[in-house]
Amino acid sequence: MDDRLVIKGVEFKSRLWVGTGKYRDFEETARAIEASGTDVVTVAVRRVNVFDRKSPNLLDYIDPKKYKILPNTAGCYTVEDALRYARLAREAGISDLIKLEVIGDEKTLFPDVTGLLEATETLAREGFIVLPYTNDDPVTAKRLVDAGAAAVMPLGAPIGSGLGIRNPYNIKIILETVDVPVVVDAGVGTASDATIAMELGCDAVLINTGIAGAKDPIAMAEAMKHAVIAGRLAYRAGRIPKKLYATASSPLEGMLI
């Protein structure tokens with residue numbers, strides 16, 4: 001099936017995107033990425049020295065010919081910081097893609113919506129392909145698209161919580177509201193959560209803690225790979241309608257009595 005994911009002319013082979021934080025070491029990170037089958041890897045610009053390549057560096061473990069590096073502005077609490085780190089990533093030659101985060105609260109890590117809209121508009125005007133991390137609010141998602149977002153990345157649940165998709169109805173409304181790809185970001189704790197996101201019709205899922213925090217990150221990375229594939233296939237296949245009463249799998253009509 002022709003089921004390509006394309007965002008602003010950039011084609012993605014995998015609908016599972018993988019974060020690179022919280023692993024025990026760079027070697028485990030690389031092994032999990034390989035097991036996931038992804039071709040998109042997010043890197044927090046604040047936590048990676050993008051200019052000094054002499055010291056040990058996460059980017060040394062990620063083959064840019066094999067993976068698309070998606071820099072993100074994780075840990076930025078102001079518009080100014082988010083813009084600065086996005087520009088640093090592009091200046092270092094990493095990518096014009098940017099996963100934009102402007103965090104509004106240290107405890108919940110929920111987005112600062114006002115700052116997010118401002119930063120999205122500025123970076124889009126500068127030619128970035130902006131993928132903002134946002135809450136699961138359809139109104140905010142629409143405003144981000146109007147501000148120039150190339151995709152929207154609503155949270156399924158708070159970052160690192162592993163609670164799964166807490167409000168599938170809001171995600172569904174977002175899918176019906178915006179005309180850009182929707183990537184669930186944050187909250188996925190296990191394979192079934194990823195499948196649910198894809199069965200709703202989301203275009204991709206970004207997972208970090210759900211893999212890195214598992215007892216066996218490598219096995220969980222592979223499980224997430226299959227979960228995303230299964231969810232996408234089920235969405236495209238179209239599920240049967242839900243009914244209150246049973247329907248016989250082998251109806252009597254046409255049977256010889």
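The values are calculated or read from the model by the stated rules, or taken from the named source; none is laboratory data. Keep in mind that this is a model prediction, so the values were computed, not measured. Note that we place each Cβ from the backbone using ideal geometry, even for glycine, and neighbour counts take in every protein chain shown. Accessible surface is based on the protein model in full, side chains and every heavy atom, while ligands, DNA and RNA are left aside. Shrake-Rupley method; radii C 1.70, N 1.55, O 1.52, S 1.80 Å.
For the range 81-186, the set of trypsin sites (Lys or Arg not before Pro) satisfying both a DSSP loop assignment and a count of at most 12 other C-beta atoms within 10 Å is given as Lys107. Surface exposure of the range 131-257, expressed per residue as accessible area with a 1.4 Å probe, stands at 51 Å². Length available on full extension from Leu233 to Lys8: 0.36 nm per residue minus the Cα-Cα distance, which gives 78.6 nm.
Among Tyr245, Tyr61, Tyr133, the largest mean-square fluctuation in a Gaussian network model of the chain, built with springs joining Cα atoms closer than 10 Å, belongs to Tyr245.
Does the range 149-241 come out rounded, prolate or oblate by the C-alpha gyration tensor, with a ≥ b ≥ c the root eigenvalues, rounded set by a/c under 1.5 and, if not, prolate when a/b is larger than b/c and oblate if not?
Here the range 149-241 falls in the oblate category.
Available extension along the chain between Arg84 and Lys142 is 18.4 nm, counting 0.36 nm per residue and deducting the alpha carbon span.
Taken one residue at a time, the phi angles of the range 126-132 give Karplus couplings (6.51, -1.76, 1.60, θ = phi - 60°) of 8, x, 6, 9, 9, 10, x Hz. Gly and Pro are set to x.
For the range 90-107, putting each phi into the Karplus relation 6.51 cos²θ - 1.76 cosθ + 1.60 with θ = phi - 60° gives couplings of 5, 4, 7, x, 6, 5, 8, 6, 8, 8, 8, 10, 10, 7, x, 8, 5, 6 Hz, in residue order, rounded to whole numbers and with x for Gly and Pro.
Subtract the Cα-Cα distance of Asp25 and Leu163 from 0.36 nm times their separation in residues, and report this length gain in nm to one decimal. Before the final figure, lay out the partial values.
On the way: separation 138, 0.36 × 138 = 49.68 nm, distance 2.53 nm.
Here the segment from Asp25 to Leu163 would lengthen by 47.2 nm.
For the chain, which whole percent of the accessible surface, found with a 1.4 angstrom probe, sits on carbon and sulfur atoms?
Numbers: 6920 of 13250 Å².
Taking all protein chains in place, the chain shows 52 percent carbon and sulfur surface.
So if I place +1 on the C-beta of Lys and Arg and -1 on the C-beta of Asp and Glu, and nothing else carries charge, what would the dipole magnitude of the chain be about its Cα centre? I want it in debye, nearest 20.
Values: 31 positive and 34 negative charges, 80 e Å.
It works out to roughly 380 debye.
Put simply, the amide H of Thr42, placed in the peptide plane, has neighbours under 5 Å in Val18, Gly19, Thr20, Leu70, leaving out anything fewer than 5 places away on its chain.
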